[in-house]
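The values are calculated or read from the model by the stated rules, or taken from the named source; none is laboratory data. None of these values were measured; they are calculated from a predicted model. Methodologically, a virtual Cβ is constructed for each residue, glycine included, from the backbone with ideal geometry; neighbour enumeration extends over all protein chains shown. Ligands, DNA and RNA are stripped out before the accessible areas are found, and what is left, the full protein with its side chains, is counted by its heavy atoms. Shrake-Rupley method; radii C 1.70, N 1.55, O 1.52, S 1.80 Å.
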Amino acid sequence: MLGISDGKQDILDLTLREAEEFFEGLGEPRYRARQVFRWAYARRQADFAAMSDLPAWLRERLTETAFVGTLRAVAQKSSRDGRTTKFLFGLADGEAVESVLMRHDYGYTACVSSQVGCRMACGFCASTRGGLVRNLRTGEMVGQVTGINALLPAEHRVSRAVLMGSGEPLDNYESCVKFIRVVNEPLGLNIGMRHITLSTCGIVPGILRLAREGLQITLSVSLHSPTDAVRRSLMPVAGKYPVREVVRACREYGDATGRRVTFEYALIEGVNDSDSDAREVARLLNGGLFHVNIIPLNPVRGTPYRRSPPRRVKEFYVLLENMGIAVTVRREFGIGVDAACGQLRRRSARGGADGM
Ligand code: SAH
């Protein structure tokens, strides 16, 4: 069976069709799946006992065999302007993962983690410092979004999801693709494919496989330098997949889906922020359906990396723009909420040693 935890089925691990099959397996009509979906998602109710349009005996049977894996926050922290809230969600085995809610003018975005820890070992990132603990199930990713919805006033809901929390989504491929399908369910969270983003450090076979799934999601790739030597010094994965192959895979992704690929570029003082870096980025991405998103680095204690000064960020932006590259600078979300990947988890006793 899918999404078993302690022998029970997590409803959040299932597409609607799979939930229908689950109810058929119980000898129940398929429409039970729609009823339970409505409770779990629209009504934000995780307790079968409260699902009042189900017969009492079925509510009992469900409590014995299944659960709605909406996660509970064990810590949370909001930015001073109140637009960003970071949550630490507890998992059944005592681990914890972080998710971030960003309140944009155009809607609410959830930044979702795909793994507890990460094994990619990027030198500037807090999530990876303790290595990979384990992959998350689909239901544990969906449960971050329903966990946030459960804390919002009824008139608000998460309408966008970005797989940009801790973990490398393409290192937990099946669960992440399933997550995309589950959050897209119209009777579930109903998040449109174009409102879902998956961010990867650049695992080429994963990008090519994703291109063939026929999903209309946005692909975001962490570039951080146009040269293999500097990329390798920041991101060990670059030793396996040269940057030209990453960009070639992104062209294929764009051709297969018609979607523009975003390249994330965290500006690090004296490392990847020179004029020549900007020129190389422009040359590398020339002619593609691409977009560069400059991120001011969130410095992580214990790493040698500092953010480029604001003037340099502006200059780098202008250089790229003048060379015809579509470019934006990410608004400073999350400063003051430890929003760089992994920072809140590492601060909490539950997440282990404090690396901050
Ligand atoms: N593993 C995926 C997704 C998680 S990280 C990936 O690498 O893309 C999401 C983004 O945040 C990536 O672009 C990552 O490089 C970036 N990031 C990680 N630590 C950061 C930090 N301290 N400051 C700024 N960006 C950071």
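Shape class of segment 9-67 from the Cα gyration tensor (axes a ≥ b ≥ c, square roots of the eigenvalues): rounded, since a/c falls below 1.5. Backbone amide hydrogens, once placed in the peptide plane, bring ILE268 within less than 5 Å of ASP273, SER308, excluding anything fewer than 5 places away on its chain. In the context of the full set of protein chains, residues of the chain present 43 Å² of accessible surface per residue (probe radius 1.4 Å, heavy atoms only). Once all protein chains are placed together, TYR173 keeps about 20 Å² accessible to a 1.4 angstrom probe. Element breakdown for the chain at a 1.4 angstrom probe: carbon and sulfur atoms account for 48% of the accessible area.
In terms of Cα to Cα distance under 12 Å, which aspartates and glutamates are near enough to LYS8, apart from those fewer than 8 places away along the same chain? In chain and number order, the partners are GLU64. Taking every alpha-carbon pair under 8 Å whose residues sit at least 6 apart, the chain reaches a relative contact order of 15 percent. Beta bridges per DSSP, both residues in segment 72-349: antiparallel share near 50 percent. Find out how many positive minus negative residues lie around GLU315, taking Lys and Arg as positive, Asp and Glu as negative, among other residues whose Cβ is under 13 Å from that of GLU315. Computed value for this residue: -1. Summing +1 for each Lys or Arg and -1 for each Asp or Glu among the other residues whose beta-carbon sits under 13 angstrom from that of GLN216 gives +3. Using the charge dipole of the chain (Lys, Arg: +1 at Cβ; Asp, Glu: -1 at Cβ; taken about the Cα centre), state which of LEU285, LEU62, PRO153 has its Cα farthest towards the positive end. Result: LEU285, furthest along the dipole toward the positive end. The residues ASP255, ASP93, sorted by heavy-atom accessible surface at 1.4 Å with ligands and nucleic acids left out, run ASP255, ASP93 from largest to smallest.
Please compute the Cα-Cα pair-distance distribution of segment 126-261 with 5 Å bins starting at 0, giving whole percents from short to long. Reading upward from the zero bin: 2, 10, 19, 21, 19, 14, 9, 4, 2, 0.
Here the label points at GLU21 and ARG43, each 7 Å from Cα along the C-beta direction, are separated by 2.7 nm in the simple model. Diagonalising the gyration tensor over the Cα atoms of the chain and scaling each eigenvalue by 5 before taking the square root yields semi-axes of 37, 22, 18 Å, largest first.
Projected onto its three principal axes, the C-alpha set of segment 4-134 covers 52, 34, 24 Å, listed from the longest axis down.
The phi torsions of segment 283-298, fed into the Karplus equation with coefficients 6.51, -1.76 and 1.60 and a -60° offset, translate into couplings of 5, 4, 9, 3, x, x, 7, 10, 8, 9, 10, 7, 10, x, 4, 8 Hz, rounded to whole numbers, with Gly and Pro shown as x. Segment 37-84 and segment 255-291 have Cα centres lying 41 Å from one another.
Comparing segment 59-121 with the 2.2 N^0.38 Å rule of thumb, its C-alpha radius of gyration ratio is 1.43 (two decimals).
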